[in-house]
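Below: the structure, in structure tokens.
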Amino acid sequence: MAETDCIFCRLIAGELPADVVYQDAAAVAIRDSNPQAPVHLLVMPKEHYDSLDDMGKRDEPLLGHLVRVASRVANEHGLGETGYRTVINTGSGAGQSVAHLHIHVVGGRELTWPPG
Ligand code: DGP
């Protein structure tokens, strides 16, 4: 169910503008508005989940689908050869600023490890 005060729910509903690069019945991928690399996409479920910790056993197929979508959009954006990083920030201490589960797909430059 969409949450009226969730930016990503509003964006999925078309109430806010977004650069959508992929969508299907369950998932959407958009360009991040504050990119940290030449390619920085966000893959998210259309249904609202606050975070990864909101997902239960019954959500495992959706979670798997989101990860496959992340791989698909990464490759469609030319990251297959150079490599890319997928990140899910969970909780404010880990840098989660939007409480709607999303997978960052980052690439197009050298990525260091460990992340900050
Ligand atoms: P996180 O900090 O892990 O919750 O990531 C949230 C990301 O969402 C952050 O990189 C910036 C991005 N973001 C926030 N608001 C918007 C928006 O309205 N549109 C788009 N495209 N990205 C947004």
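The values are calculated or read from the model by the stated rules, or taken from the named source; none is laboratory data. Because the structure is a prediction, the values reported are computed rather than measured. Virtual Cβ from ideal backbone geometry, glycine too; neighbours counted across all protein chains shown.
Does LEU111 meet the test of being crowded, with 17+ Cβ neighbours inside 10 Å and either away from the ligand (no atom under 15 Å from the Cβ) or of a type outside the set (Lys, Arg) (or both)? No: the conditions fail for LEU111.
Could you check, for the stretch 24-31, whether at least one of its residues is of a type in the set (Asp, Glu) and either buried (at least 17 other Cβ atoms within 10 Å of the Cβ) or within 11 Å of the ligand (Cβ to nearest atom) (or both)?
In the first step, residues of the stretch 24-31 are kept if they are of a type in the set (Asp, Glu); the result is 24.
The next check asks that each one be either buried (at least 17 other Cβ atoms within 10 Å of the Cβ) or within 11 Å of the ligand (Cβ to nearest atom) (or both); those that pass are none.
No: zero hits.
If the condition is being over 13 Å from the mean Cα position of the chain (by Cα) and surrounded by fewer than 16 Cβ atoms within 10 Å (Cβ to Cβ), then the stretch 35-46 contributes GLN36, PRO38.
Hey, could you check the stretch 55-66 for residues that are part of a helix (DSSP H, G or I) and surrounded by 14 or more Cβ atoms within 10 Å (Cβ to Cβ) and say which is nearest to the ligand (Cβ to nearest atom)? Only one residue tops the list, namely LEU66.
Scanning the stretch 83-93 for residues that are more than 10 Å from the ligand (Cβ to nearest atom) and either of a type in the set (A, V, I, L, M, F, W, C) or within 18 Å of ARG31 (Cβ to Cβ) (or both) yields TYR84, ARG85, THR86. Look at (1) in a loop (DSSP other than H, G, I, E, B); (2) crowded, with 18+ Cβ neighbours inside 10 Å and you find that GLY78 fails only one, number (2).
Can you confirm whether ARG85 is assigned to a loop (DSSP other than H, G, I, E, B) and in contact (Cβ under 8 Å) with a residue 24 or more places away in the chain? No: the conditions fail for ARG85. The condition of being more than 12 Å from the chain's Cα centre (by Cα) and of a type outside the set (Asp, Glu) holds for only one of ALA29, ALA74, ALA94, ALA70, that being ALA94.
Is one or more of the residues making up the stretch 46-59 closer than 13 Å to ILE30 by Cα, out of contact with any Ser or Thr (no Cβ under 7 Å at 6 or more places or on another chain) and in contact (Cβ under 8 Å) with a residue 24 or more places away in the chain? Yes, some residue in the stretch 46-59 is closer than 13 Å to ILE30 by Cα, out of contact with any Ser or Thr (no Cβ under 7 Å at 6 or more places or on another chain) and in contact (Cβ under 8 Å) with a residue 24 or more places away in the chain. Residues in the stretch 1-18 that are modelled with pLDDT of 95 or more and exposed (fewer than 11 other Cβ atoms within 10 Å of the Cβ): GLY14, PRO17.
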